[in-house]
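In what follows, a single structure is set out as structure tokens and then discussed.
Read the figures in this text as sums done on the coordinates, not as results from a lab. Computed from a prediction, not measured in an experiment: that's the story for all the values here. Here Cβ is always computed from backbone atoms with ideal geometry, including for glycine, and neighbour counts include all displayed protein chains.
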Amino acid sequence: MKIDLHIHSKNGSDGRWDLKDIFAEAKKREIGLISITDHDSIAAQEEAKSLAASYSIGYITGVELNVTYSHPDYKGGKAASLDFLGYGIDITNAPLVRKLDELRAYRQVRAEKILANINEELRKQGLPEFSDADLDEIQSGVDGAFGRPHIAAYMIEKGIVSDKQEAFDKYLVRCNVEKMPLSLAEASDLVRAAGGHLILAHPNDPNGTSLVAFTQSIETQQTIIAGGMLEYIDGIECWHSRHDRATMESYLRFAREHALMTTGGSDCHQSPPILGSVDVPDFVARQFGF
């Protein structure tokens with residue numbers, strides 16, 4: 001059975017496809033078990049469950065939470081962002097819904113502050129600044145959680161940059177405003193109280209929010225997990241589109257040594273559409289009763 005437990009949608013966060021397109025493609029690719037894991041959002045979950053049932057695809061409710069994490073021995077004690085996946089959550093759980101609403105509202109405030117910072121850079125370069133109308137236009141294309149990728153897409157559309165990488169390199173990194181902090185303990189409490197399991201996402205992703213921010217050594221990454229995360233997490237995402245075989249095998253061994261769940265997925269944002277491309281073994285499904 002093909003399994004993909006890490007997919008983003010346009011409806012909930014920064015995916016490029018609508019849920020209807022995602023599930024139609026999943027059926028075409030014969031994916032048997034799926035989870036939509038939008039950033040800090042469960043807005044797409046009800047429709048995703050319905051579509052999964054209509055296509056006879058197994059479904060696990062999901063969300064991806066961004067956590068602010070620090071370690072006294074790395075980065076001078078400064079915090080870094082890490083992603084954690086919540087699976088099997090009750091999407092009507094009031095504390096979870098309330099916190100996600102707060103995170104979503106702050107994303108709007110954050111985006112406005114980022115645009116103000118970008119305007120300072122544009123002024124220095126003698127380029128036209130973003131107006132309130134530009135903000136409205138960016139928002140009109142946001143179905144899910146408002147974030148920097150939406151601003152990057154608009155900058156490409158306006159010809160300010162040629163691609164997303166240039167948008168981040170020239171503007172979005174320099175002009176960034178920190179997200180609302182969410183601690184690992186709080187994320188764990190939210191997910192577990194909602195009946196779910198908290199999974200450390202893509203721990204060795206070289207291009208994403210991962211433990212690479214602290215160290216490139218997988219052994220040292222696992223020391224960090226063992227020393228400060230085990231009481232809060234239920235598993236690790238071993239299979240990921242940017243994990244090589246050595247990473248996968250090392251994290252699988254580590255998870256088994258510590259009696260942790262193991263999950264996997266493509267982390268597909270549909271650019272390109274790589275859903276179902278990661279070879280996740282069947283026993284992952286059995287952990288969730290499939």
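Dividing the mean sequence gap of close Cα pairs (under 8 Å, 6+ apart) by how many residues region 100-172 holds gives a relative contact order of 29 percent. For residue 177, neighbours were defined as the other residues whose beta-carbon sits under 15 Å from its Cβ, and their charges (Lys and Arg +1, Asp and Glu -1) total +2. For the chain, the antiparallel share of DSSP beta bridges with both residues in that region comes to about 45%. Placing a label point 7 Å from the Cα of residue 1 along the Cα-to-Cβ direction, the residues of region 247-262 whose backbone N falls under 18 Å from that point are 261-262. Using just its DSSP H runs of length 4 or more, each adding -39500 (n - 2.57), the chain gives a mean residue ellipticity at 222 nm of -12000 deg cm²/dmol after division by all residues. Each Lys and Arg adds +1 at its Cβ and each Asp and Glu adds -1 at its Cβ; summed about the Cα centre, the chain shows a dipole of about 220 debye. For residue 202, the residues whose amide H sits under 5 Å from its own are 237, ignoring neighbours fewer than 5 places away on the same chain, with H placed 1.01 Å from N. The H on the amide N of residue 280, modeled in the peptide plane, is under 5 Å from the matching H of 3, each at least 5 residues off or on a different chain.
Sorting 6, 197 from the fewest to the most surrounding beta carbons within 10 angstrom yields 197, 6.
Per-residue extension of 0.36 nm, minus the Cα-Cα distance of residue 90 and residue 283, leaves a gain of 67.2 nm for this segment.
Between 0 and 90 degrees, the angle of helix 148-157 with respect to the longest Cα principal axis of the chain falls at about 50 degrees.
Each Cα pair under 8 Å and six or more residues apart adds its separation to the average, and for the chain the resulting relative contact order is 23 percent.
Applying the criteria of a DSSP loop state and at most 14 other Cβ atoms within 10 Å to the GluC sites (Glu not before Pro) of region 1-96 yields 30. Short-range pairs are left out: with C-alpha atoms under 8 Å and at least six residues apart, the relative contact order of region 142-254 is 20 percent. Note on residue 28: aspartates and glutamates with a C-alpha under 18 Å away, same-chain residues under 8 apart excluded, are 4, 18, 279. For helix 218-228, report the angle its Cα long axis makes with the longest principal axis of the Cα atoms of the chain; keep it between 0 and 90° and round to the nearest 10°. It works out to around 80 degrees. With respect to the chain, whose longest principal axis is taken over its alpha-carbon atoms, helix 19-28 is tilted by about 40°. Our estimate of slack between residue 156 and residue 117, defined as 0.36 nm per intervening residue step minus the Cα-Cα distance, is 12.3 nm. The string of couplings for region 99-111 from the Karplus curve (6.51, -1.76, 1.60, θ = phi - 60°) is 5, 5, 4, 5, 5, 5, 5, 5, 4, 5, 4, 4, 4 Hz, one whole number per residue in order, with x for Gly and Pro. With 27 Å as the limit, the listed pairs 2/75; 10/99; 10/164 have 2/75 beyond it between alpha carbons. Express in whole angstrom the spacing between the alpha-carbon centres of region 1-54 and region 86-145. If we compute the Cα centre of each part, the gap is 22 Å.
Given R0 = 41 Å, the distance between the Cβ atoms of residue 56 and residue 136 translates into a calculated FRET efficiency of 0.50. In a simple Cβ point-charge model (Lys, Arg +1; Asp, Glu -1; nothing else charged), region 100-172 has a dipole of about 240 debye relative to its Cα centre.
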